[in-house]
Amino acid sequence: MTHKLVTITLVSLLANTLMAAGPVFETSMAENENAFNAGQTAARKLRDKLKGVTPKALIVTECFEDRAQKADVLKGVASVFPKKIIHGGSAYGMYTQAGVLDIDAVSILAIGGELGVDIAFVDHMGAAGLSLETQKDQLVNALRQGGKTLAQQLAESRKGMLLILIGDAHSPKNQFLLDGVQTVVGKTLPITGGSVCKNAGQNFVFHQGELTQDSAIAILLTGSLEVSLVGRQAKSNDQVISTAREGAATAMKSIKAKPAAFLAFDCGGRMGKLDRLEDELEAIQASVGKEIPLYGCYCAGEFGPSDTGNTDTSTSTGCGWHIMASVLGH
Amino acid sequence: MNTLRTARIVILLMSSITGAAENACPVRLRVHNFTVNPSTGPVSEMTATNLTNVPVRAELRAHYPAGWVVAPATQKLSLAPGESTVLSLAIEKAMDSIENIYPMTLDILVGEDHYTHTQHLVCASTPYYRPAIDGDLSEWNDAIPVSMTTRDKTTVVRSYWNKKQFCLGVDVQEDALTDHDALQFALAPGKSKTPTSHEAKSTRYEFVVTGREGGTCYQLLSPGDLLTQVSDARDLNAFPAKDATVRVVRKGQITHYELALNLRAMRALRATAGREYCFSLLVHDPTGTGLRDLGSIMRLHPAESDLAWSNWKGARWPLKKPLDNKVEFGFCSSIH
């Protein structure tokens, strides 16, 4: 019996190791008026897709109405996964290979496998309620310091391949948060991410399964990961679709490694311009295919290379009206 | 060139007959409202129409408030006789105005002739918020107000949306609130057009709110309704709006109208942050200023049909028809 138990354990460990070879990314999505059930369903779907791989971090995106429902989403996810790995933020909508949702829905991106994942968090930045028009200096200082405090927690930033930044600082003030981060990590580290939904009562960043405001989270990925990051701006229906297709195609072509995931931090303004919500996702799928794990969310500001002509496209900035498309490969 | 000059003389003669005070520019321009806050870097659109019966080529240069950055700085225009087109400019840098007024000027060069078009733009946007409909308008400070003045009386229109509601907070300055006073407003999907045939179907949701007994809301039209009934003086009592919450409160010289409508019953609007919709509003004040028309500050042109606004029993209409019910507005995120 002991011999059988040892054999089973060894086989299981071997299977886990083989399955986790290289980075692992998986996504899931669910919609349900009952927020807890939505979170739990999405988490269970994700667990099934991971096939025994233990995720190191989850990025949860949801678009429920109020605080209580958002808390229930996280409880639903936490009924399947440990709270300490649950991060993310509120958004206007989200998409995966399964489709696009913008009401009473949740999506989850799991990050795991042979990949280093370092999480940093800052709250009480002191930016909440400040106006760019009347309190600019105070606001800028608060966000820059917040970004700096966040980045200083990342011990491995020099080895980072990609930084995912999610913050409660919408465009155009998201640039100041990024400024603070870049004073620590420098301007060559690829940074992507988005600002959480800025609707009154809906601006939440998630950290270790809890709702927070006036806060930001940074997820640093290290290891043998190749990253291709492209930003494209659009303000009309046709341009949203064409830039999504072209941006995704450019990101795919720019990577030599085998693509392991496609991430899109997209703009809520772009979503509002779509005559048909599915059109942008379909344009992306035309470029990346329907097999690769695909995670997208509609944000109130984006981090990545700006497409506005007069900026250096190799440096990440904080801006709006963009899709920040990343292809991660191994 | 002679043909164009002749066309301009015709326009000038017609202008003098109609009493129009504007320079006889062969191109009519209307700059659209911002439908999100300018600081977010939206696209600024304008409609240009060739008023002549000859082709017109023009160059436009737009001047926005000081410190704004707009691209492109100039645009060339080429229009066939009677043709309309929509031009776009990207607002790359702008600041929001607390007063919600953005003066701008267009320099128009047609051949050797120079014209000027001046317009005060507004941000016609509806932020996300869920107010309590309780007659207390202090929650409306985070809305984006649009003001109009009619015969020295001010009307301020504010709106909010959330996933369940479309909300209006309207302040009407008037000497008294009478049984004949009312708000009348319409919502429609973005870029809708008002039909010109009585046999056509409505593209709008249309409501009337009276101040009687604390406020009552009536719904006269939904998309798909036949427009044959628009001219009828229908009894409002037969058309109570479902799921509407209204409070009308009189404070000094101001009548405060506050209401919330079921947005899920207006699915045609497809409300989401960033999406445009059409809106306009009339204030019926027959014993005071007469009809106040939000379209009057939006540089709308006279409605092309009698089908823009529904008649109802008790309504008193001026001789001059109100403007179209379709002004571009937008749903947006909360402003802070």
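Values in this text are rule-based calculations from the coordinates and carry no lab data. Just so we're clear, the structure is a prediction, and the values are computed from it rather than from any experiment. A quick note on method: Cβ atoms are made from the backbone with ideal geometry, for glycine too, and the neighbour counts reach across all protein chains shown.
Given a cut-off of 28 Å, name the pairs among A:LYS45/B:LYS242; A:LYS49/A:LYS84; A:LYS159/B:LYS93; A:LYS173/B:LYS163; A:LYS148/A:LYS258 whose C-alpha atoms lie farther apart than that in the structure shown. Among A:LYS45/B:LYS242; A:LYS49/A:LYS84; A:LYS159/B:LYS93; A:LYS173/B:LYS163; A:LYS148/A:LYS258, the Cα-Cα distance tops 28 Å for A:LYS45/B:LYS242; A:LYS159/B:LYS93; A:LYS148/A:LYS258. For chain A, find the longest principal axis of its Cα atoms and tell me its angle to the long axis of helix A:67-78, 0 to 90°, nearest 10. The angle comes out at about 30 degrees.
Counting neighbouring Cβ atoms within 10 Å and putting the fewest first, the residues A:SER236, A:SER215, B:SER197 line up as B:SER197, A:SER236, A:SER215. For chain B, the share of DSSP beta bridges that are antiparallel, to the nearest 5, is 95%. The Stokes-Einstein estimate for region B:55-213, based on a Kirkwood radius over Cα pairs and taken at 4 °C with 1.567 mPa s viscosity, is a diffusion coefficient of 66 µm²/s. Run the Debye formula on the Cα coordinates of chain A, all scatterers equal and no solvent, and tell me log10 I(q)/I(0) at q = 0.11, 0.13, 0.14, 0.15 1/Å. So the normalised log intensities are -0.63, -0.89, -1.04, -1.21. Using only side-chain charges placed at the Cβ, +1 for Lys and Arg and -1 for Asp and Glu, the dipole size of chain B relative to its Cα centre rounds to 620 debye. Expressed in Å, the radius of gyration and Dmax of the Cα atoms of chain B are 20.7, 65. Rounded to the nearest 20, the Cβ-based charge dipole of the protein assembly as shown about its Cα centre (Lys and Arg +1, Asp and Glu -1) stands at 1120 debye.
The distance between label points at B:GLU92 and A:ASP179 comes to 1.9 nm (points 7 Å beyond Cα on the Cα→Cβ vector). According to the Cα-based calculation, Rg over Rh for region A:107-173 is 1.05, with Rh computed by the Kirkwood formula. Peptide packing: for B:69-76, A:45-52, the average count of neighbouring Cβ atoms within 10 Å per residue gives the ranking A:45-52, B:69-76, highest mean first.
Think of the protein assembly as shown as a dipole: +1 on every Lys or Arg Cβ, -1 on every Asp or Glu Cβ, centred on the Cα centre; then among B:THR210, A:HIS207, B:ILE98, A:HIS207 lies furthest on the positive end. Restricted to Cα atoms, the protein assembly as shown shows a radius of gyration and a Dmax of 27.6, 106 angstrom.
Any chance you could give the angle, 0 to 90 degrees and rounded to 10, that helix A:174-185 forms with the longest Cα principal axis of chain A? The answer is roughly 60 degrees. Between B:HIS198 and B:ASP235, take the C-beta separation as r, use R0 = 30 Å, and let me know the FRET efficiency to the nearest 0.05. FRET efficiency, B:HIS198 to B:ASP235: 0.90.
Placing +1 on the Cβ of every Lys and Arg and -1 on the Cβ of every Asp and Glu, with no other charges, gives region A:224-330 a dipole of roughly 180 debye about its Cα centre.
Multiplying each eigenvalue of the alpha-carbon gyration tensor of region A:269-330 by 5 and taking the square root yields semi-axes of 21, 17, 10 Å, largest first, rounded to whole angstroms.
Averaged over the residues of A:266-279, the number of partner chain Cβ atoms lying within 10 Å of the residue Cβ comes to 4. Here the scattering of region B:245-321 is modelled by Debye summation over its C-alpha atoms, one equal scatterer each and no solvent; at q = 0.12, 0.15, 0.22, 0.26 Å⁻¹ the log10 of I(q)/I(0) is -0.52, -0.81, -1.32, -1.33. In degrees from 0 to 90, rounded to the nearest 10, what is the angle of the helix B:2-18 Cα long axis to the longest principal axis of chain B? Taking the Cα atoms of chain B, the angle to B:2-18 is about 30 degrees. Restricting region B:255-336 to trypsin sites (Lys or Arg not before Pro) that sit in a DSSP loop and have at most 11 other Cβ atoms within 10 Å of their own Cβ leaves B:LYS313, B:ARG316, B:LYS320. Among the GluC sites (Glu not before Pro) within region B:52-109, those in coil by DSSP and having at most 15 neighbouring Cβ atoms inside 10 Å are B:GLU83, B:GLU99.
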